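The values are calculated or read from the model by the stated rules, or taken from the named source; none is laboratory data. Because the structure is a prediction, the values reported are computed rather than measured. Note: ideal-geometry Cβ built from the backbone for every residue, glycine included; neighbour counts use all protein chains shown. Keep in mind that these areas ignore ligands, DNA and RNA; they rest on the heavy atoms of the full protein, side chains included. Shrake-Rupley method; radii C 1.70, N 1.55, O 1.52, S 1.80 Å.
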Amino acid sequence: MVTGNLNRRQTLGLIGAAAATAILPIAGKARAAAKELRIGWQKNGVLALAKSQGALERRFADRGIKVTWAEFTSGPPLLEALGAGALDFGPTGDVPPLFAQAARGNLLYVGTYRGSSQGSAILVHKDSPIQSIADLKGKKLAFKRGSSAHNVTVKVLRKGGLSPSDVTQLDLAPPDAAAAFKNGSIDAWSIWDPYTAIAEADPQTRVLTTAEGIVDSWSYFLGNGDFAAENGDLIVEVIDELKKVGGTAQSNFDETVKAIASITGVPENVTRVVLSRRGADLGAVSTVPDAAVQYQQALADEFYDLKIIPRKLDISDIVWRPKAS
């Protein structure tokens with residue numbers, strides 16, 4: 001049963017595994033005709049379901065391809081490992097790849113998946129005088145720099161006629177932000193699901209605005225550049241399998257709620273909220289459509305203009321396309 005309290009123990013439980021970079025194998029040259037698929041994952045979404053079901057292991061068993069997994073707490077360290085050649089494939093939100101590309105990491109966008117923009121939100125205290133986005137001016141607003149919440153923050157502030165410089169920005173990871181929000185040392189918090197859903201269960205928390213209608217919910221699968229170039233057929237199969245896993249999950253919703261709650265440690269009733277949001281679809285997995293490239297390019301241009309990333313990016317430079325059959 002959910003108590004409604006968003007405490008440090010809950011948030012630490014959500015991202016409890018330390019970044020796995022330190023235990024990853026030493027990066028070497030990419031391997032043609034791969035016999036191992038090294039996947040970075042986080043405790044959410046269709047990839048976590050596929051791992052729990054052994055779906056990819058079954059798909060590649062008859063070809064002797066071993067699937068190994070390394071857990072990460074967030075996108076930036078996962079992409080650092082991916083770009084360095086210590087991983088072959090992994091998921092992330094929209095902002096981390098911009099920083100990785102700006103740092104000239106050796107990686108490619110190879111797929112997309114969709115969530116719900118309702119799951120990203122700016123939270124304030126129930127009795128806060130902040131009633132509109134414009135009221136955030138001069139307030140302490142916490143978010144994790146380089147995360148999808150960074151993008152939500154920029155675009156929400158812009159909708160309210162503000163810029164990031166109009167607020168006191170605090171770069172806090174979710175457990176630290178949750179603690180700061182709980183004790184009142186910050187005025188507002190930009191965060192994503194399932195943290196948003198947990199917070200919504202707390203009667204002392206109010207949602208100032210969600211990202212719905214403000215930010216499209218694009219997330220990405222990325223591959224190591226050398227691996228993708230040499231093992232394109234394998235990537236096509238990974239995307240296909242994840243789409244199948246996600247489609248089956250949507251068709252067996254109650255079982256999926258239980259499965260994801262078991263993986264994440266988030267209570268089932270909160271998990272149900274996350275998976276029931278408008279636009280949420282675990283089966284919405286594909287290779288990279290033009291709309292996703294255009295979205296990401298606009299985001300890169302905006303972050304460059306705001307001097308958040310250090311150089312202009314051409315997203316199409318690192319988009320992988322499967323060979324025509």
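Some notes on this structure:
- Rg/Rh ratio calculated on Cα atoms of the stretch 189-237 (Kirkwood radius): 1.27
- Principal-axis analysis of the Cα atoms of the chain puts helix 148-159 at an angle of about 50° to the longest axis.
- Working note: Karplus 6.51/-1.76/1.60 with θ = phi - 60° gives the stretch 211-216 the couplings 8, 4, x, 10, 10, 6 Hz, where Gly and Pro are set to x.
- Rolling a 1.4 Å probe over the protein heavy atoms of the stretch 184-325, with every protein chain left in place, gives an accessible area that is 49 percent carbon and sulfur.
- Karplus (6.51, -1.76, 1.60) ³J(HN,Hα), θ = phi - 60°, over the stretch 171-185, in Hz, Gly and Pro reported as x: 7, 10, 5, x, x, 6, 5, 4, 5, 5, 5, 5, 8, x, 7
- Reachable aspartates and glutamates, given that their alpha-carbon falls under 12 Å from the alpha-carbon of residue 155 and they are not under 8 places away in the same chain: 212, 216, 302
- Compactness of the stretch 217-325 as Cα Rg over 2.2 N^0.38 Å, two decimals: 1.32
- Compared with the dominant Cα axis of the chain, that is its longest principal axis, helix 290-305 is turned about 50°.
- Here is the tail figure for the stretch 229-281: Cα pairs spaced more than 14 Å apart come to 61 percent of all pairs.
- Only Cα sites of the stretch 99-238 enter the Debye sum here, all with the same form factor; the resulting log10 I(q)/I(0) across q = 0.13, 0.14 1/Å is -0.61, -0.69, listed in q order.
- The residues of the stretch 211-325 expose on average 48 square angstrom of accessible surface per residue, using a 1.4 Å probe on protein heavy atoms.
- Among (1) 60, 46, 35; (2) 57, 43, 35; (3) 60, 40, 35, the entry that matches Cα extents along the principal axes in Å as calculated here: (1)
- The slack in the chain from residue 298 to residue 268, taken as 0.36 nm per residue of separation less the alpha-carbon distance, amounts to 7.2 nm.
- Between residue 258 and residue 61, the modelled label-to-label distance comes to 2.3 nm, taking each label 7 Å out from Cα in the direction of the beta carbon.
- Using the Karplus relation 6.51 cos²θ - 1.76 cosθ + 1.60 with θ = phi - 60°, the per-residue 3J(HN,Hα) values for the stretch 241-248 come to 5, 5, 4, 5, 4, x, x, 5 Hz, with x marking Gly and Pro.
- Relative contact order %, the stretch 76-167, counting alpha carbon pairs below 8 Å whose residues are six or more apart: 29
- For the chain, averaging the sequence separation of C-alpha pairs within contact (under 8 Å, six or more residues apart) and dividing by the residue count gives a relative contact order of 26 percent.
- Counting only residues at least eight positions apart within a chain, or on another chain, the lysines with an alpha carbon under 23 Å from that of residue 243 are 35, 43, 51, 66, 258, 323.
- Cβ-derived FRET efficiency at R0 45 Å, residue 185 paired with residue 312, nearest 0.05: 0.75
- Interchain or long-range residues, amide H under 5 Å from residue 69's placed H: 39
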